[in-house]
Amino acid sequence: MKKSLRAFLGWSALAQCVVSSCAGPADHAVPGQICGTSVSSRLTRPLLTSTDDLREFSRVDRTEAVTAPCMLQSGEHAVLGLRFAWDDAPTDLAYLAGSRVSRIAEPRTVPFPFKTIVGNDGAISQTPCKTNGGRYFTLTLQLPQVRLGDRSRREDIEAFMRAYFPATVATLGCGT
């Protein structure tokens with residue numbers, strides 16, 4: 001009896017391992033909060049080229065409202081970068097998309113309550129937001145591992161920004 005119980009437990013454990021390893025990519029590997037903003041991992045996962053050993057590096061301080069980067073790294077590589085920026089005047093997003101700092105390939109304006117452009121490898125959104133850092137808040141999303149001519153992620157990038165940008169703005173305490 002003991003022998004058959006041990007065999008059953010052994011096969012059960014093996015079956016559990018096989019089933020869990022055959023499951024699709026685990027959402028738990030993708031954080032539900034990125035750079036201080038909650039966002040569904042279902043929106044983040046399609047943007048990432050890898051989820052191995054994900055960790056966040058951030059210099060963002062919402063209270064100080066100073067322009068700063070935040071990024072997700074997989075191993076030694078940045079897989080998602082965000083740039084939080086506050087200014088006294090609105091920024092020309094097309095100019096920003098072409099700059100060395102916020103380079104976005106093939107940017108196009110998208111209909112959205114916030115001024116937004118989406119490209120092949122990132123997006124930029126901006127809104128009036130009076131804080132210690134200025135009167136406008138601009139968020140740049142960059143996917144450094146995506147090839148510049150690869151248009152396959154544009155819809156995923158737009159979906160992410162539609163959720164992430166307003167959620168981030170809600171955390172900033174924008175005044176009037």
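Quick look at the numbers
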| read-out | value |
| --- | --- |
| Probe 1.4 Å, all protein chains present, accessible-area order of Met161, Met71, largest first | Met71, Met161 |
| Exposure ranking of Arg55, Arg153 by accessible area [1.4 Å probe, largest first] | Arg55, Arg153 |
| Size-normalised alpha-carbon gyration radius of region 121-176, reference 2.2 N^0.38 Å | 1.31 |
| Cα gyration tensor, region 69-134 - rounded (a/c under 1.5), prolate or oblate | oblate |
| Solvent accessible area, Å² - Glu64, 1.4 Å probe, full protein context | 110 Å² |
| For region 115-139 and region 47-114, distance of Cα centres in Å | 10 Å |
| Region 68-176, accessible surface, carbon-and-sulfur percent (1.4 angstrom probe) | 51 percent |
| Region 120-162 - accessible surface per residue (Å², probe 1.4 Å) | 44 Å² |
| Per residue, in Å², the accessible surface of region 48-115 once ligands and nucleic acids are set aside, probe 1.4 Å | 59 Å² |
| Area projected by the alpha carbon convex hull of region 32-176, averaged over all directions, nm² | 7.9 nm² |
| Region 60-137, relative contact order in percent, only Cα pairs under 8 angstrom and at least six apart counted | 27 percent |
| Karplus-derived HN-Hα couplings along region 112-118 (A = 6.51, B = -1.76, C = 1.60, θ = phi - 60°), whole Hz, x at Gly and Pro | 6, x, 9, 4, 8, 10, 10 |
| Probe 1.4 Å - accessible area at Asp121, Å² to nearest ten | 10 Å² |
| Extension gain from Ala163 to Ser38, taking 0.36 nm per residue of separation minus the Cα-Cα distance | 44.1 nm |
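The values are calculated or read from the model by the stated rules, or taken from the named source; none is laboratory data. Fair warning: this is a prediction, and the values are worked out from it, not measured in the lab. Side chains are part of the model used for accessible areas, which takes the heavy atoms of the whole protein and leaves out ligands, DNA and RNA. Shrake-Rupley method; radii C 1.70, N 1.55, O 1.52, S 1.80 Å.
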